[in-house]
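The values are calculated or read from the model by the stated rules, or taken from the named source; none is laboratory data. The model shown is predicted, which means the values in this text are computed figures rather than measured ones. Methodologically, a virtual Cβ is constructed for each residue, glycine included, from the backbone with ideal geometry; neighbour enumeration extends over all protein chains shown.
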Amino acid sequence: MYIKVRVVTYAKEEKIEVLASDSFRISVKEKPEQGQANERVIELIRAYYGGKVKGIRIEKGHHSPYKILFVNF
């Protein structure tokens, strides 16, 4: 399943906002350097879907706040 994610870095609190069934706005405290924010986004998506997720990878947007992730159930 593909999902669209808009990432906000340097947030005061982490949160996931569901915009649609396949679209999210995720706020993370990490900075967008050396993949720190990307790693945290993947952790938050994994926690959101619970134990059903087998794998998550970033398909597009490694260096952008707009990302497309593939979530494998």
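Of note:
- Once region 1-25 is narrowed to residues that are in contact (Cβ under 8 Å) with a residue 24 or more places away in the chain and among the hydroxyl-bearing types (Ser, Thr, Tyr), the residue that is farthest from Val53 (Cα to Cα) is Thr9.
- Condition check for Gly51: out of contact with any Leu (no Cβ under 8 Å at 6 or more places or on another chain) and within 13 Å of Ile3 (Cα to Cα): no
- Whichever residue in region 32-62 is in a strand (DSSP E or B) and of a type in the set (A, V, I, L, M) and, among such residues, is farthest from Ala11 (Cα to Cα): Ile56
- Scanning region 49-67 for residues that are surrounded by 14 or more Cβ atoms within 10 Å (Cβ to Cβ) and modelled with pLDDT of 95 or more gives Ile56, Ile58, Gly61, Pro65, Lys67.
- Residue pairs whose Cβ atoms lie under 9 Å apart, separated by 6 or more positions or on different chains, with the first residue in region 52-73 and of a type in the set (S, T, N, Q) and the second part of a strand (DSSP E or B), are Ser64/Val7; Asn72/Gly55; Asn72/Ile56; Asn72/Arg57.
- Members of region 32-73 found to be closer than 18 Å to Asp22 by Cα, of a type in the set (A, V, I, L, M) and under 11 Å from the mean Cα position of the chain (by Cα), listed by number: Val41, Ile42, Leu44, Ile45, Ala47, Ile56, Ile58, Ile68, Leu69, Val71
- Restricting attention to region 16-31, the residues that are surrounded by fewer than 17 Cβ atoms within 10 Å (Cβ to Cβ), part of a strand (DSSP E or B) and in contact with a helix residue (DSSP H, G or I) (Cβ under 9 Å, 6 or more places away or on another chain) total 2.
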